[in-house]
Amino acid sequence: MAHHSSFESLEVYKEASLFCDNIWDIIINTSLKSDYKLREQINGSSGSVMDNIAEGFGRGGNKEFIMFLGFSRGSCCETKAQLLRCFKRNHINETTFKKLDTQAEDLINQLSKFINYLKTQIARALNSIECE
């Protein structure tokens, strides 16, 4: 990651952190705080989105980073599913659900684009090695 000296400077990490904060907001301000199992699951999965970006960055290589970005994307999808459960259990209203679901979808798209970018970088590096 030559362009970034820390995972905190990555735009996708900043978005994941904001998403996690928004999930925490519904945990502490809605009836979700009383649904222990769902509360713990959505808190864990939303935190895992940002945690996997950080861990992958810390591994230092693009191949491992891609793998951890995939884990992050999976955690974001898991959080989307849990948001639907929150909505169906009346912990959040439709407006809040749609806002957070859209935020999750945007984050999934950002992660996918970042993964594809890193894969392209690896392919270019391999091509330059083969041409030498």
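Close contacts from the range 105-121, counting a first residue that is touching a residue at least 40 places away in the same chain (Cβ under 8 Å) and a second that is among the basic types (Lys, Arg), with Cβ to Cβ under 6 Å and a gap of 6+ residues or different chains, come to 111/73. Taking each residue of the range 41-57 that is closer than 18 Å to residue 23 by Cα and without any contact (Cβ under 8 Å) to a residue 24 or more places away in the chain and looking for partners that are basic (Lys, Arg) and surrounded by fewer than 24 Cβ atoms within 10 Å (Cβ to Cβ) with beta-carbon atoms closer than 9 Å, six or more apart or interchain, yields 52/73. Take residue 29 and decide whether it is more than 27 Å from residue 4 (Cβ to Cβ) and without any contact (Cβ under 8 Å) to a residue 12 or more places away in the chain. It is true that residue 29 is more than 27 Å from residue 4 (Cβ to Cβ) and without any contact (Cβ under 8 Å) to a residue 12 or more places away in the chain.
For the range 72-87, name all the residues that are closer than 12 Å to residue 16 by Cβ and of a type outside the set (S, T, N, Q).
Of all residues in the range 72-87, those closer than 12 Å to residue 16 by Cβ come to 72-73, 75-76, 79.
Passing the criteria: 73, 76.
Within the range 49-67, can one find any residue that is under 10 Å from the mean Cα position of the chain (by Cα), polar (S, T, N, Q) and over 16 Å from residue 24 (Cα atoms)? Looking through the range 49-67, at least one residue is under 10 Å from the mean Cα position of the chain (by Cα), polar (S, T, N, Q) and over 16 Å from residue 24 (Cα atoms). Per this entry, residue 63 is not counted among residues that are of a type outside the set (S, T, N, Q) and within 17 Å of residue 90 (Cβ to Cβ).
Every read-out reported here was derived from the displayed coordinates using simple, explicitly stated rules and does not represent laboratory data. No experiment lies behind these values; they were computed from the predicted model shown. Glycine also receives a Cβ, built like all others from the backbone with ideal geometry; neighbour counts cover every protein chain displayed.
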